[in-house]
Amino acid sequence: MKACIIGAGSSGVAAAQVLQARGIDFDCFEKGSQVGGNWRYENDNGMSSAYRSLHINTSRRVMAFESLPMPADYPDYPDHFQMAAYFDEVVDRFNLRPRISFNTEVLKVEPADDAVGEWDVTVAGPDGRATDRYGAVMVANGHHWDARWPEPAFPGAEEFSGEQLHAHEYREPDVLPGKRVLVLGIGNSAVDIAVESSRIAAKTFVSTRRGAWVIPKYLNGKPIDEVANSLTGLAPIPVMRAAMQRSLKVAVGDPTDYGLPKPDHKLLEAHPTVSSEFLPRLGHGDITAKPNIEAFAGGRTVRFVDGTEEEIDLVVYCTGYKITFPFLGPEVLAAPDNRLPLFRRVVSVERPGLYFIGFIQPLGPIMPIAEAQSEWVADLISGGAVLPGPAEMREQIARQEERQAKRFVASKRHTVEVDFYPYLREIRRERKKAAARV
């Protein structure tokens, strides 16, 4: 039977390319009119969070699909327009475009009543609604589109007389000039927006409840993720941490040198913030660091937990995203608090034939991982590999969650965090084990 791929963003394109190369029949459904997902600026599927100035924060050589490198004339860190053009090149090079049903939304994915492991998928497209049966479903709709706001909201937020928006809605800097801007968060989107604001806003503040390790994009003239590679990725985490800490100390110093709070976690225990501009803007006084918000104190006044107050015109919430699947009923699968218990972060134990591609947050790029996951799923679909029994998979998931709790900080953002090279090795080992079970 055919497989169904949901989404034609980076993970969906990876899945389509792998299945086509392996001779596995499939349908791919994309809500918008183009490929690229989150990297398609102003994507008409309504799900992209790309802003006009966005560039990737992992280098092109490490981020590219194994099946097709990015163009040699691309810079180390391409912008979203170049990334979208790269995805167009991938789908055209491998003749994937005819296999993608554009402007087609997946409305419902239900396990078939009369066949275990088969799925009824209902879509709505230019020709109306239709339901078809599939032998496997590969979910690749991404996890950076359903904005997460502070939970609960800060006291007084509803009465705040200034503007409030989530980073997901931020597109152009035209909302910033002349305003006193508060950016809440210290992840990659937060520092990008704060840097942009610092050039044209009247004043820019960054508020964070926990500190962060801010890593430059270059180290010794090389993209920082090219300094680490598959060989250095074999080193134990404490060794990698010590080496990187020494390099960062020389390159940028300590976050507290710039007025940021001391991180409440060790380096590499949380997703890194990658920016070569943020710390200098703090050092120049163009951005002011503040602790977490305590409350909106009336009018445009924002009070912070240290008792200080500032008049703010615009608050930009860079508070992350929820992992949601609008086409799956909660009785089929849900991810409360972004917890997604999957075998090797791909396979649903309780729902045979349901696979998830790209639902990880790696310390590195996601696209090579989506390729590797897709290759493993292709093995399973084609019958060239067999999963272990449900009990063994549940036991592995439990061990994975125990390791996760020890390895990364406890937050909704880090439930799907993985180490790039170790996870790639994990998938490759599992492919070998699965093939041996046939």
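I'd like to check something: does segment 171-181 contain any residue that is surrounded by fewer than 17 Cβ atoms within 10 Å (Cβ to Cβ) and part of a helix (DSSP H, G or I)? Within segment 171-181 (the criterion being surrounded by fewer than 17 Cβ atoms within 10 Å (Cβ to Cβ) and part of a helix (DSSP H, G or I)), the answer is yes, since at least one residue qualifies.
Here is a yes/no grid of residues against (1) at pLDDT 95 or above; (2) in contact with a Pro (Cβ under 6 Å, 6 or more places away or on another chain); (3) in the same structural domain as Thr208 (by TED's automatic domain parsing):
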{"position": "Arg303", "(1), (2), (3)": "yes, no, yes"}
{"position": "Gln361", "(1), (2), (3)": "no, no, no"}
{"position": "Gly364", "(1), (2), (3)": "no, no, no"}
{"position": "Met393", "(1), (2), (3)": "yes, no, no"}
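For segment 345-383, filtering for residues that are charged (D, E, K, R) and in a loop (DSSP other than H, G, I, E, B) leaves 3. Scoring Ala405 on the criteria (1) without any contact (Cβ under 8 Å) to a residue 12 or more places away in the chain; (2) of a type outside the set (Ser, Thr, Tyr); (3) under 28 Å from Val18 (Cβ atoms) leaves a single failure, condition (3). For segment 234-267, taking the residues that are in contact (Cβ under 8 Å) with a residue 24 or more places away in the chain and among the basic types (Lys, Arg), the one that is surrounded by the most Cβ atoms within 10 Å (Cβ to Cβ) is identified as Arg241. Tell me which residues, restricted to segment 365-396, are polar (S, T, N, Q) and buried (at least 20 other Cβ atoms within 10 Å of the Cβ). If the condition is that a residue be polar (S, T, N, Q) and buried (at least 20 other Cβ atoms within 10 Å of the Cβ), then Gln373, Ser374 are the ones that fit. Applying the criterion of being farther than 21 Å from Pro223 by Cβ and touching a residue at least 60 places away in the same chain (Cβ under 8 Å) to the residues of segment 68-94, the residue that is surrounded by the fewest Cβ atoms within 10 Å (Cβ to Cβ) is Phe94. All told, Ala50 falls short of being over 29 Å from Leu176 (Cα atoms), touching a helix residue (DSSP H, G or I) at 6+ places or on another chain (Cβ under 8 Å), at pLDDT 95 or above and surrounded by 21 or more Cβ atoms within 10 Å (Cβ to Cβ). Take the conditions (1) assigned to a loop (DSSP other than H, G, I, E, B); (2) surrounded by fewer than 17 Cβ atoms within 10 Å (Cβ to Cβ); (3) touching a Phe, Trp or Tyr at 6+ places or on another chain (Cβ under 8 Å); Ala270 misses just one of them, which is (2).
The values are calculated or read from the model by the stated rules, or taken from the named source; none is laboratory data. Remember, it's a predicted structure, so these values are computed and weren't measured experimentally. All Cβ positions, glycine included, derive from the backbone under ideal geometry; neighbour counts span all protein chains shown.
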